[in-house]
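Below you'll find the structure, written out as structure tokens, and then a few comments.
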Amino acid sequence: MLREKIYIASDHAGFELKEKICEFLKNKQISFTDLGTDSKQSCDYPDYAHLLASKMDSKSFGILICGTGIGISITANKHKKIRCALCHESLSAKFARKHNDANVLALGARLIGVDLALDIIENFIQTPFEEGRHIKRIQKIEAGL
Ligand code: RB5
């Protein structure tokens, strides 16, 4: 893994997939912090996206899961230092790292299976940012409107 730690969070719709991902990270001895939710009881995805965003620093990656990955990624991207990529296949995850230096990965638990989710995560956490021509573009994202 390219960073020291992973923060992971989901809403109720992403809870079961989050549990499987935590098990996978544990087996791989990858350091992570599970920020909840803790059950399938209905909750609001923005609460978990904001919580995860508040913990993130340059040494961490984030993984956010909701039903589609849409609400939770929209919320995360409201934070200036977060570049959250919603990925439903592995190539997007690879390019989100290479070209966009994404630091948070969003997944839609109602749209993809566990094996695919884990492969997406592997691609995300193992792929370095290419830098070069992409640095200027990241700076333009950060500059805002
Ligand atoms: C919850 O029902 C669902 O709306 C949420 O998990 C997510 O898909 C929103 O974007």
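A short reminder: the numbers here are calculations on the coordinates, not readings from a lab. All of these numbers come straight from a predicted model, not from anything done at the bench. Neighbour counts are summed over all protein chains in view; Cβ atoms, including those assigned to glycine, are modelled from backbone coordinates with ideal geometry.
Within the set Ile65, Ile30, Ile6, the sole residue that is farther than 25 Å from Gln139 by Cα, among the β-branched types (Val, Ile, Thr) and touching a residue at least 60 places away in the same chain (Cβ under 8 Å) turns out to be Ile30. Among the residues of region 65-82, is there at least one that is within 13 Å of the chain's Cα centre (by Cα), away from the ligand (no atom under 16 Å from the Cβ) and either surrounded by 17 or more Cβ atoms within 10 Å (Cβ to Cβ) or not in a strand (DSSP E or B) (or both)? There is at least one residue in region 65-82 that is within 13 Å of the chain's Cα centre (by Cα), away from the ligand (no atom under 16 Å from the Cβ) and either surrounded by 17 or more Cβ atoms within 10 Å (Cβ to Cβ) or not in a strand (DSSP E or B) (or both). Of the residues Lys26, Lys18, the single one that is under 13 Å from Ala109 (Cβ atoms) and either basic (Lys, Arg) or more than 11 Å from the chain's Cα centre (by Cα) (or both) is Lys18. More than 16 Å from the ligand (Cβ to nearest atom), out of contact with any strand residue (DSSP E or B) (no Cβ under 7 Å at 6 or more places or on another chain) and in a loop (DSSP other than H, G, I, E, B): does that describe Lys94? No. Taken over region 97-137, the criterion of being surrounded by 17 or more Cβ atoms within 10 Å (Cβ to Cβ) and within 16 Å of the ligand (Cβ to nearest atom) is satisfied by Val104, Leu105, Ala106, Leu107, Gly108, Ala109, Ile112, Ala117. If Arg110 passes every condition in (1) in a loop (DSSP other than H, G, I, E, B); (2) under 14 Å from the mean Cα position of the chain (by Cα) but one, which one does it miss? Failed condition: (2).
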